[in-house]
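Read through the structure below, which is laid out as structure tokens, and then see the notes.
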Amino acid sequence: MGKYSVIFWDLDQTLLNFDLSQRCAISKVFRHFGLAVDERMLARYDAINREYWSRLELGEADREEVLLGRFRTFFEEFGIERIDPEEINSRYQEELGSIYFYMDGAKETVLELGRRGYRQYILTNGSAVAQAGKMKLSGLSEMTDGVFVSETIGFPKPMKAFYDACFRALPGVGRTSCIMVGDSLTSDMRGANNAGIAACWFNPEGRSNDTEVRIDYEIRRLAQLPAILEEEYV
């Protein structure tokens, strides 16, 4: 084992394919409420959803504003008046928790790192209901050492307070022994910077870092992570 012994994983779009799960779940929910599902609606919902989650990361919105506001905005744009945002959000969280898809190499990488003795924790901004369902169904709850959900903690990534709460729950774990692995520059990588831990950007699409966020490592495939962790050159 190299410099790091504890891995903080992001869940959605890092270990599990959130984009695919979201598409399946929201399509099913829309049909349940009698809404016609087309590509324009799905694309617009996705864009609105991303905007709201970005506001949460920036501290411009709280969780309730995100979960309900995205549907209110969507309904306003499409002239939908008969559906309660709270009702559709509740149904949507249940559906999200009932379906999962692994990212390429995710399960194999987590299992391999577990065999090598790494402690692995999942840090997520997703809703507690949805994440608990996906963790259980996917087997990640058994393959990892624990999960920290911002909804339960009271602060979202990338806030330092979120990571401070995680470390309080992990007595004896030093920050220099931890590395955060995630796909989001504004949530995972900025969070790692705020927490004073190493940042490993999972960047399968080869995007450019157009932020001020410090990246210590960058990987295109999750299978690259074990080799990086074993290196001593850092």
task = Enumerate the amide H contacts of ASN17 below 5 Å, restricted to partners 5 or more residues apart or on another chain; note that Pro and chain-start residues carry no placed amide H.
result = PHE101, TYR102, MET103
key: Positive minus negative residues near PHE167 (Lys, Arg vs Asp, Glu; Cβ under 15 Å)   = +3
request  = Post the alpha-carbon centroid distance, the range 1-48 to the range 143-167, in whole angstrom.
outcome  = 20 Å
ask   = So, counting K/R as plus one and D/E as minus one, what does the shell of residues with Cβ under 11 Å around ASN125 add up to?
value = -3
For VAL29, net neighbour charge (Lys/Arg +1, Asp/Glu -1) across residues whose Cβ lies under 12 Å away = +1
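Could you tell me which of rounded, prolate or oblate describes the range 87-173, using a ≥ b ≥ c as the square roots of the eigenvalues of the alpha-carbon gyration tensor, with rounded for a/c under 1.5 and, failing that, prolate when a/b is larger than b/c and oblate otherwise?
oblate
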inquiry  = If I model a spin label as a point 7 Å beyond the Cα along the Cα-Cβ vector, how far apart are those points for ARG221 and SER54 in nm?
reply    = 3.1 nm
request  = Return LEU11, LEU58 ranked ascending by Cβ neighbour count within 10 Å, so the fewest neighbours appear first.
outcome  = LEU58, LEU11
message = For the range 1-140, what does the relative contact order come out to in percent, with C-alpha contacts under 8 Å and a separation of six or more?
response = 42 percent
query = Taking Cα pairs under 8 Å and at least six residues apart, what relative contact order does the range 18-96 come out at, in percent?
reply = 38 percent
task = Kindly write out, for the range 190-203 in residue order, the coupling ³J(HN,Hα) from the Karplus curve 6.51 cos²θ - 1.76 cosθ + 1.60 (θ = phi - 60°), rounded to whole Hz, with x marking Gly and Pro.
result = 5, x, 4, 4, 5, 8, x, 10, 5, 10, 10, 8, 8, 10
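Rounded, prolate or oblate for the range 29-145? Axes are the square roots of the Cα gyration tensor eigenvalues, ordered a ≥ b ≥ c, and the cut-off for rounded is a/c under 1.5.
Prolate shape, in that a/c is at least 1.5 and a/b is the bigger ratio.
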key: Neighbour-count order for GLU76, GLU205, GLU108, fewest beta carbons within 10 angstrom listed first   = GLU205, GLU76, GLU108
query = In terms of Cα to Cα distance under 21 Å, which lysines are near enough to LYS134, apart from those fewer than 8 places away along the same chain?
reply = LYS28, LYS107, LYS157
request  = Check cross-link reach from LYS160 to the lysines: straight Cα distance under 24 Å, and skip same-chain residues fewer than eight apart.
outcome  = LYS3
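Just check the range 195-234 against the gyration tensor rule for me: Cα atoms, a ≥ b ≥ c as the square roots of the eigenvalues, rounded for a/c under 1.5, and otherwise prolate or oblate depending on whether a/b exceeds b/c.
Note, shape of the range 195-234 comes out oblate.
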ask   = Considering the chain as a Gaussian network with a 10 Å cut-off on Cα pairs, which listed residue, ARG70, ARG44, ARG82, attains the greatest mean-square fluctuation?
value = ARG82
query = Fewest first, what order do SER127, SER98 take by the number of other Cβ atoms within 10 Å?
reply = SER98, SER127
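Rule-based calculations on the coordinates, nothing more; no lab input. On a predicted model such as this, the values are computed, not experimentally measured, just so you know. Reconstructed Cβ throughout: ideal geometry from the backbone, glycine too, with neighbour counts over all protein chains shown.
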